[in-house]
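Written below as structure tokens is the structure these notes are about.
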Amino acid sequence: MLQLESCFEVLLTVYIVTFLIGLPANILALYAFSVKIHTKPGPTDILLLNLTVSDLLFLIILPFKMHEAASQMQWDLPDLLCSITSFIFFSTIYSSSLLLMAVSVVRYIGIAFPVSYHQLHKPAYPIVASVVIWIISAVHCSIVFTTQHHPALSSQNSTVCYEKFTPEQLMILLPVRLELFIVLCVVPLLVCVFCYLRSISILYSRPLISMAQKRKAIGMALGTLAVFLVCMLPFNISHLVGFIEGDSPTWRHYVLLLSTFNTCLDPIIFYFSSSMFHLTSKKSVFKMCGLNLLTLQRRVTNSSEE
């Protein structure tokens, strides 16, 4: 009994710390990106704005998770509120992973193909990408409503919120979780690893980029990968283990706590992003790479005309 009480205390403590740190940090980030969007919006700014909104949605429903932990995981609120809380809780986790993947792709294109990047520098592209990401995460996480409210699957008189599942629910839920692990975790992680490794390799091959900027690029890449490896991967591995064992692992609560720290780590990534890839900066990587290749392109065009 003492061990269970300590588990609930850990849950409540982590939720409170995450809320107190993440909420002001993301409100500040929301203000900064809102100002940037109204002046000179770039693809990265739009994607990071959506990432901030995702984190804030997560933080808004976190008090309900605090209440649940304080009540020793007994849900005494309306069942519909349980479904809404769980849906937002999980969908924002996966929308964050997809948005981080999209940011890494944009950065890679900006460094590897700066000419094409400037030609495709339109707000419509990241807006469409953001909408698609929100739809993908929402559709996948709608399994929360299916398992809890479908007449053939819902369990009656449950005193917990999205925790204990019937065999019929597990038959539907576990394969969906396996898909979440592959599609919304492994694939974005591999894309981020490829994009950042290639970006760093390209930056180090260009002598005009300062060592300080190269180090910032490494710090930004490591920060993003840390979010995946520390916050996303352990929780998603529980999906794989659960699929193999045929039930949710008992340690799933603890790795889910790591996912809550995502909202505290994202503002750090925002800092590296704004200082490293700010398009109005005189020494930004995008601008230097773009100007160098554009100058080279003009020289080739002029020499061919002569």
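The values are calculated or read from the model by the stated rules, or taken from the named source; none is laboratory data. Quick caveat, the model's predicted, so the values are computed rather than measured. Ideal geometry is used to build each Cβ from the backbone, glycine not excepted, and the neighbour counts take in all protein chains shown.
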Quick check on region 153-169. Is at least one of its residues among the hydrophobic types (A, V, I, L, M, F, W, C), surrounded by fewer than 16 Cβ atoms within 10 Å (Cβ to Cβ) and free of Cβ contacts under 8 Å to residues at least 60 places away in the same chain?
no
Matching residues in region 243-253 - criterion: being touching a residue at least 12 places away in the same chain (Cβ under 8 Å) and either surrounded by 16 or more Cβ atoms within 10 Å (Cβ to Cβ) or within 23 Å of the chain's Cα centre (by Cα) (or both):
PHE243, SER248, TRP251, ARG252, HIS253
Check LEU81, LEU59, LEU120 and return the single one that is closer than 30 Å to THR159 by Cβ, of a type in the set (A, V, I, L, M) and more than 18 Å from the chain's Cα centre (by Cα).
LEU81
Would you point out the residue of region 64-77, among those that are in a helix (DSSP H, G or I) and touching a helix residue (DSSP H, G or I) at 6+ places or on another chain (Cβ under 7 Å), that is surrounded by the most Cβ atoms within 10 Å (Cβ to Cβ)?
LYS65
From the list TYR108, TYR94, TYR117, exactly one residue is of a type in the set (Phe, Trp, Tyr), surrounded by 17 or more Cβ atoms within 10 Å (Cβ to Cβ) and over 27 Å from VAL230 (Cβ atoms). Which is it?
TYR117
Only one residue in TYR196, TYR204 is modelled with pLDDT of 85 or more and aromatic (Phe, Trp, Tyr). Which one?
TYR196
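Being assigned to a helix (DSSP H, G or I) and out of contact with any Cys (no Cβ under 9 Å at 6 or more places or on another chain) narrows it down to one residue among PRO207, PRO234, PRO249; which is it?
Of PRO207, PRO234, PRO249, the one residue that is assigned to a helix (DSSP H, G or I) and out of contact with any Cys (no Cβ under 9 Å at 6 or more places or on another chain) is PRO234.
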Which helices (runs of 4 or more DSSP H) does region 78-153 wholly contain that include 1 or more residues that are closer than 24 Å to SER238 by Cβ?
79-112, 124-141, 143-149
